[in-house]
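Reviewing the structure listed below.
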Amino acid sequence: MEDMRYEAPATLDAAVALLSGASAPKLLAGGTDVLVQLHIETIEPDVIVDVKNIPELRTMAKEKDGWRFGAAVSAMEMLENADLCKAWPGIMEGVVLIGSMQVKGRATVAGNVCNGSPAADTTPAMIAASAIATVIGPNGQRQVPVEDIVIGPGKTSLAKGEVVVSFLLPAQPPHSGECYMRLTPRTEMDIAVVGAGASVTLDDSGTCIAARVSLGAVAPTPLLVQACADALIGTKIDDAALTRLGEAASAACNPISDKRGTKEYRIKTAAVIARRAVERALERAKAN
Amino acid sequence: MAKKSHVTTTVNGDEYEFLSEPGQTLVDALRNSLGLTGTKEGCSTGDCGACSVQLEGRLVCSCLVLAVEADGKSIDTIEGMANGDELHPLQRQFLELNGSQCGICTPGVLIAAQALLETNPDPTETEIRYYLAGNLCRCTGYDKIIRSVQAAAAEMRGS
Amino acid sequence: MATILEESGFDPNQKLKIVGTNPVKQDGLDKVTGRARFGADAFLPGMLFGKILRSPHAHANIKSIDASAAEALPGVKSVITSADFPSIPQGTGAGDMTRNVMAVEKALYDGHPVAAVAATSEAIAKKALKLIKVDYEVLPHVIDPLDAMKPDAPILHDYMRTKGDPDAPDKPTNVTEKMVTELGDVSKGFAAADVVVEHDYDSKPMHQGYIEPQGCIADYSEDGQIELWCCTQAPFVYRDRLTAILKLDSSKINVEQSELGGGFGGKTGFYAEPHAILLSKKASRPVKMTLTRNEVFRGTGPVSGTNSTIKMGCTKDGRITAAEANLVFQTGPYTGSMYFNAPNAMFTRYDLENVHIVSREVVSNRPKVNSFRAPCVPQIVFGVEGVIDEMARKIGMDPIDFRLKNAAVDGHTAIYGDTWGPIGFVETLKAAKESDHYKSPLPKGQGRGISAGFWFNRGGETAGSLTLAPDGTVTIVIGTADVAGSRVSIAMMAAEELGISIDKIRVSFADTNSLGFNRVTAGSRTTYSVGMVVVNNARQVIKELCNRAAGIWGVPAEGVVYEEGQVRPASSNVGDFEPMSIGDITAKTGMSQGPIAGHSEMNVTGAGPGFGVHIVDVKVDEGTGRVDCTRYTVVQDVGKSIHPLQVEGQVQGGAVQGLGWALNEEYIYNDKGCLDNASFLDYRMPVASDVPMVDTVIVEVPNPAHPFGLRGVGEVPVVPTMGAVGNAIGDAIGIRPRSLPMSPPKMLDLLEEAKGLSESERY
């Protein structure tokens, strides 16, 4: 660690070269996970690659296909974007819950997702929104659905030298709404015991024609639960459908018991939180 | 021994230089390299807010920022909050209303409250509580902290 | 001249000018500007950085330590192990203390120090720790005290036998002591009861949660003089304990206290200071040592966890006839939990004839516990006040009326032997009953609970001086750490007594060289005891001022009086002299008669008990079990509120600490016996958005032993909290919880259990 170097490349190519060439590089965006890991010595990088100076990672704009924001855009910058907040309230519910105001001043969605915690607060909403990451590496560029990024606790599918450049939140059809909710013992400052991101789309008659439900903190990775979507699609998301949704959520859990919650508690409350998230998404879908 | 980085930074309007060890945090640099001990270190993991500063006008935990990242940037700490011997209304109200007991969390709370009032001059009680959720206090139970912020906000609005 | 202990001078009709107001405290400015210097805010030229190597095992024999590679690392200037400490036999007070500081034969908890290093940078010190080779023989560990009491439990100390238990076999045990506390005859009492309630309760260890980690600088000169700067609640106690374990003269150790960033009982013992001193000795350079938050959780002194069985009986018209309890306290690996407070305080506020309490203290592989506010009592009162509430419900009596029916009054002789003077429990209960909170309707879907609590409040050894400068201004030196603004209250009491403006008074802290022994800032004793000393000192100087004025005027001493900061003739008969201020007299007589000062060294007695009643409203999320506190009112008798805003702040802070303890705070261990949640992320203390405003109703039933009638304030507010929250949750969900903390998973389980209860079975 005392031989650790700090680099702040100004271009993507330079960043990729550094990340590919070092033996144990660590990418630094907001740093709210990285600095903790340095402090408790769970990582011992040889190079810290600070990507905050790279222009492509700092974009935030509505495009033809949807909203795009860069990997180095901080949570606060996103929250201060009124149009983004209006367009994606569920995503922003996840962003707001990343941590304190101080943490949000630095933390990024990319960092939150790619840190690979199953309990990350932005990942379920991003998955429910069908968000897609643009990734650049030594072998070029690729698009990765967010649900394919995290493959295990603390592990991503990114290859050595690869870096997330930005995320696209694809424009949603009319009568769509999304939401993120989580369960924590305190009102703030906790890691989610259970998290649920939900997105639903209704047709003109109010019947659900598309749904995505993603659960966090109940498995080694954030989950995209097809069975939850199946419980909703084709229904008017009435009480019976919501009950089936809750059951599907509990059934999909494969949690551990740890200092943040027992297995049994997570299984029970996954149903409750998933249901509440879907209810709020439904309210938003009806209003859109 | 690894090479240190030469960092030039502006703190409370004054220019400072120091040599940063790799991995050194900003809170460590402020306190130990620059002697500005008003910013406190309570946990080193961003969970208590005692190390709060403004970095380029943004409220952050300085334990979660590398010292090298301060190069070329401006930082505001508690030492710069008063204007000479004229206290900021927040500081004054904390004194009047007993918003500070042991005082260890106070610099971080004041910096955070100042950032709040800069963006939201008329916050509700709930908004203040959620904004300050990242600042742990063990002495006050938060009651008089919230009241001090409310009083300062009212004073600054000229009510 | 009678001392203040003999004659307090309390006058219920006294007109007070300063006491009872809210001047800005003199240390306030430094705290809001960042100028105040806490333990880690000091630097000495040439200082080194110290770091401690800690056992990763909960229980292990230490076979050997090889620090040679660490010593050889460039930048390392000293390395210490237990070999550098004087050898003190096991099983003694000093032996336990020294071993908690640095393990000798065994590592007894995850985090137990085994070595320490001082180097030219913290990074080098951290690297050096990794080079120290410790040969551990890992042993089976035991965490839970009930497990530690089982016959096949791993034994921590072969020499340990249960004190106070003649029936205990003469073989190694983990039970340090058994104590029986009794009054009257409980079997008769229960026989006379119409209603009997008995339950088991348990609580987990928690931490005081002070935001400032320990920080100190030690400077050991070659001639054996030691200067120690540190944050502490007890500079004199630190000095004397250092004397005991380092085998040095007290006069060689000077402890200077920094501002204290929270202690709450946790900084009454040292965790880094002895290491810093010995590292400094070996390196011949000053050594600065600060603990990380992880070290604070693993390696300082958490709060005792408990198991209790509590049984009480009452008649159908609400008179308690018997109270019985069986209590078990965790203490960590060594005795010293102060568990005896619990039998002495748990029922104390009620006038009971028949009481029988059996208490045991048990060692296990956890850090050595230290005090919190009201050590070992709130977690037991959690159960007592639940039983009381249940009895009241069973006979259909209002919970406050039930407590009023059994309340102790003036002249009560408590179970621990003291006979009380005037007390305010009844007044506090009545004030709670009349409070806005209690009278307001409970919002739908919420639960309301009340609970009462008591604390002895203490006096103790206290020394201080009050000196008049030649210009007549006043400096006060005290030796008791200021944990919550006692400085300003002390200045106010001096200002009141001297009849001068508080601006003319400066209060500062002595280092241990400068004053006689001062007991810890704990026991809610500081404002009371130091107040006694300060007023006593003020009276001494007033007497001297009068004598000198009499001398100047050539009149007898009885012919002058002191009033409102001036000495004047007692009547026109004495003579026609212009009154003289303090400054006039010191200016005129300083040269010829010397400076004027008062000093007192006393064991302060007469502290009056305090009582509190808390009213709490909660809302429980039926889907998740999460509890939100929606309204909180503290009602407390403080005797006399010297500085009302300070008093409110103290009680609000205590209530919220209790709220955290009630809902979420606990030590969580993994199956290796290591602490799993050693950070503020997972040790869940309340944040600002978790709590409502805390309303306070301050009752004043004066303690006439004190010149202004005050009683200690600091500990009473934590005692009732968990009982009140538990009773509120019980009211909300139909089952009263019995296990702390009342965290969401446990509440969800209770909610499910409550579904199966009939109306009469519901709480």
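Nothing in this text is a laboratory measurement; each read-out follows from the coordinates by a stated rule. Remember, it's a predicted structure, so these values are computed and weren't measured experimentally. Don't worry about glycine lacking a Cβ; one is built from the backbone with ideal geometry, like all the others, and counts go over all protein chains shown.
Tabulated data
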read-out	value
Local electrostatic count, A:D239, Cβ distance below 11 Å [Lys/Arg +1, Asp/Glu -1]	+1
Cα gyration tensor, the protein assembly as shown - rounded (a/c under 1.5), prolate or oblate	prolate
Linear extension gain, A:K286 paired with A:A171, 0.36 nm per residue minus alpha-carbon span	39.7 nm
Karplus (6.51, -1.76, 1.60) ³J(HN,Hα), θ = phi - 60°, over the stretch C:295-303, in Hz, Gly and Pro reported as x	5, 4, 6, 7, x, 10, x, x, 9
Prolate/oblate/rounded label for chain C (Cα gyration tensor, a/c 1.5)	oblate
Cβ-Cβ FRET estimate between A:A14 and A:K86, R0 fixed at 35 Å, reported to 0.05	0.45
Average beta carbon contacts from partner chains per residue of A:94-101, 10 Å cutoff	5
Sorted by Cβ neighbour density within 10 Å, fewest at the top, the residues C:T413, C:T309	C:T413, C:T309
Cα centroid separation, the stretch A:85-120 to the stretch B:26-104 (Å)	24
FRET efficiency for C:D628 and B:E17, using Cβ-Cβ distance with R0 set to 56 Å, rounded to 0.05	0.70
Where labels lie 7 Å past Cα in the beta-carbon direction, separation of B:E56 and B:A154 in nm	3.8
Cα centroid separation - the stretch C:94-113 against the stretch C:543-568, whole Å	59
Rough spin-label spacing in nm, given labels placed 7 Å along Cα→Cβ, for A:E247 and C:S440	4.4
Label-point separation in nm, C:Y159 to C:E198, each point 7 Å along Cα→Cβ	3.9
Estimated [θ] at 222 nm from DSSP helical runs (n ≥ 4, -39500 (n - 2.57)) normalised by residues in the protein assembly as shown, nearest 500	-8500 deg cm²/dmol
Segment C:E753-C:L5, extension gain: residue separation times 0.36 nm, minus the distance between their alpha carbons	263.6 nm
For chain A, built as a Gaussian network whose Cα springs stay under 10 Å, the top-fluctuating residue of A:G21, A:G177, A:G246	A:G21
Distant-in-sequence amide H partners of A:I237 (H built 1.01 Å from N, under 5 Å)	A:C208
Table column - 3J(HN,Hα) (Hz), the stretch A:98-108, Karplus curve with 6.51, -1.76, 1.60, x for Gly and Pro	4, x, 5, 4, 5, 5, 5, x, 10, 4, 10
Pairwise FRET efficiency - A:T42 versus C:K17, Cβ, R0 = 45 Å, nearest 0.05	0.15
C:F577, A:F167, C:F382 arranged by Cβ crowding within 10 Å, fewest neighbours leading	C:F577, A:F167, C:F382
Computed over chain B: relative contact order in percent, which uses C-alpha pairs under 8 Å that are six or more apart	23
Across chain C: Cys residues that no other cysteine approaches within a C-beta distance under 4.7 Å	C:C231, C:C314, C:C376, C:C546, C:C629, C:C674
Relative packing of peptides C:550-560, A:184-194 - highest average C-beta neighbours within 10 Å first	A:184-194, C:550-560
Taking A:D65, C:D389, B:D28, C:D418 and counting other C-beta atoms within 10 Å, the order from fewest to most	A:D65, C:D418, B:D28, C:D389
Extension reserve of the C:K188-C:S68 stretch, reckoned as 0.36 nm per residue once the Cα distance is removed	36.4 nm
For chain B, built as a Gaussian network whose Cα springs stay under 10 Å, the top-fluctuating residue of B:Q114, B:Q91, B:Q101	B:Q101
Cross-link partners of A:K86 among aspartates and glutamates (Cα-Cα below 12 Å; sequence separation of 8 or more within a chain)	A:E178
In the stretch A:30-65, the GluC sites (Glu not before Pro) that fall in loop regions by DSSP, at most 16 other Cβ within 10 Å	A:E41, A:E63
Label zone at B:E86 (point 7 Å along Cα-to-Cβ), backbone N below 18 Å, the stretch C:13-34	C:33
Over the stretch B:1-72, relative contact order from alpha-carbon pairs under 8 Å, at least 6 apart, %	34
